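Coordinate-derived values only; no laboratory data. Every value quoted in this text rests on a predicted model; they were computed, and no experiment measured them. Here Cβ is always computed from backbone atoms with ideal geometry, including for glycine, and neighbour counts include all displayed protein chains.
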Amino acid sequence: NIEKMDIVKIMFEELRNQKHVHIRDWDFVKSTIENMVKDGPDKLQVVADFDRTLTKYMNNGTICATCHKVLEEGDHLPEFFRTKTKELRDTYFPLEMNPDLPVSEKIPLMIEWWTKAHELLVHCGLTKQSIRKMVETSSVMLRDGTVWLFDHLHANDIPTLIFSAGIGDVLEEVIRFKATHHSNMKVVSNYMAFDECDRMVGFQGEMIHVYNKNENAVHESNYFTSLENRSNILLLGDGIGDLHMADGATNVKNKLTIGFLNVKIEESLELYMSKYDIVICSDETMDVQKASYYHGL
Ligand code: TMP
């Protein structure tokens, strides 16, 4: 245990030395990490967003695909779909990321975006089988270190909820193609509905957008109640709405939230620092730019 705490100390000092890591309350973060390490893997659960949290925002200066964007790349789907969805993204993504727009005003706009994008998809003749091809040829990339993180969470049997406003069918294919879909992972997302010929005909259940992650059925299901003994939560997100992904959890003793701030960094930093315990800016890794503890210890 002493050895573990020494590692925590070194990791913590490394964090302090990173200019792109911002922490509002260093003492809180330090004691929370220490508590979590002391309690060990049996008490831990992880809740993570997918797009731009487990995946990269940029790679070598190029923006990488989100789950939705995977379907727009290449020429798998008709031209009108690409044109129209790009128009939608150019309109709504800046609104999603605008720190000056209150969440209450963003919600109807996000519902509009998701509704229009999902309706368009129904007219594209998409099949279940074609999703894999689209993922294989797309620019979607897992953050450096995500495979390592997934494998460690699995090896330590730590329940991991991936809660995404993206598209579950695409997300699962990305995980299978780029990593391993381990048994400790549960995905809650928008899943497509297919007809008997495997043609996409719509979406199943309630729509999940970036600002209703507090309302989804997972909070009423027995997911979190079955994990009541897992009183330590590590939450990873990139949006303000992601902070609600673990709202259904009960008996929480320690919760550490890590926010990846990828766009409008200067304008959003204050807001993110007031909401997330740790804010990591423009970093496409899971190990804070490959801090040396990852390699050395
Ligand atoms: P997340 O909950 O996994 O972060 O996924 C939501 C992201 O998906 C959000 O940042 C906006 C993005 N998105 C698109 O790129 N295209 C679309 O058509 C829609 C509806 C969302």
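Rounded to the nearest 5, what is the percent of antiparallel bridges among the DSSP beta bridges in the stretch 107-228?
45 percent
So, counting K/R as plus one and D/E as minus one, what does the shell of residues with Cβ under 13 Å around G241 add up to?
Local charge sum for G241: -3.
Among residues other than V218 whose Cβ falls under 11 Å from its Cβ, what is the net charge (Lys/Arg +1, Asp/Glu -1)?
Summing Lys/Arg as +1 and Asp/Glu as -1 gives -2.
I want the antiparallel fraction of DSSP beta bridges within the chain, as a percent rounded to 5.
Approximately 30 percent, going by the DSSP bridge assignments.
When Rg is the radius of gyration of the Cα atoms in the stretch 149-229 and Rh is its Kirkwood radius, what does Rg/Rh come to?
Across the stretch 149-229, the Cα-based Rg/Rh ratio is 1.00.
Quick one: T62, T137, fewest Cβ neighbours within 10 Å first, how do they rank?
T62, T137
What's the magnitude of the charge dipole for the stretch 202-289 around its Cα centre, counting Lys and Arg as +1 and Asp and Glu as -1 at the beta-carbon? Answer in Debye, nearest 20.
It works out to roughly 300 debye.
For the stretch 272-285, take each phi angle, set θ = phi - 60°, evaluate the Karplus expression 6.51 cos²θ - 1.76 cosθ + 1.60, and give the result in whole Hz per residue in order, putting x for glycine and proline.
Coupling constants for the stretch 272-285: 4, 5, 6, 10, 9, 6, 10, 10, 10, 9, 6, 10, 9, 10 Hz.
By the scheme Lys and Arg +1, Asp and Glu -1, what is the net charge of all other residues having a beta-carbon under 11 Å from that of K264?
Residues near K264 contribute -4 overall.
For K255, what residues show an amide H to amide H distance below 5 Å, using hydrogens built from the backbone and excluding near sequence neighbours?
I233
What is the order of M185, M273, fewest Cβ neighbours within 10 Å to most?
M273, M185
Amide H of R143 versus every other amide H placed in the peptide plane: which residues, excluding those fewer than 5 positions away on the same chain, fall under 5 Å?
T55, K56
If Rh is defined by the Kirkwood formula over all Cα pairs and Rg also comes from Cα, what ratio Rg/Rh do you get for the stretch 84-207?
Reported Rg/Rh, Kirkwood definition of Rh: 1.00.
If a/c stays under 1.5 just call it rounded; otherwise compare a/b with b/c (prolate if a/b is bigger, oblate if not). Do that for the stretch 45-95, with a ≥ b ≥ c from the square roots of the Cα gyration tensor eigenvalues.
Here the stretch 45-95 falls in the prolate category.
In angstroms, what radius of gyration and Dmax does the stretch 200-265 have, counting Cα atoms only?
13.9, 43
Can you pull the Rg over Rh of the chain, Cα-only, Kirkwood?
0.96
Quick check on the stretch 156-297: of the DSSP beta bridges with both residues there, what percent are antiparallel, nearest 5%?
Beta bridges within the stretch 156-297, antiparallel portion: roughly 15 percent.
Quick one: which residues, 5+ away or cross-chain, put their amide H under 5 Å from the amide H of F203? H built at 1.01 Å from N.
Those lying under 5 Å, H to H, from F203 are A193.
Taking +1 at the Cβ of each Lys and Arg and -1 at the Cβ of each Asp and Glu, which of L227, M207, T146 sits farthest along the dipole of the chain towards its positive end, judged by Cα position relative to the Cα centre?
About the Cα centre, the residue reaching furthest to the positive side is T146.
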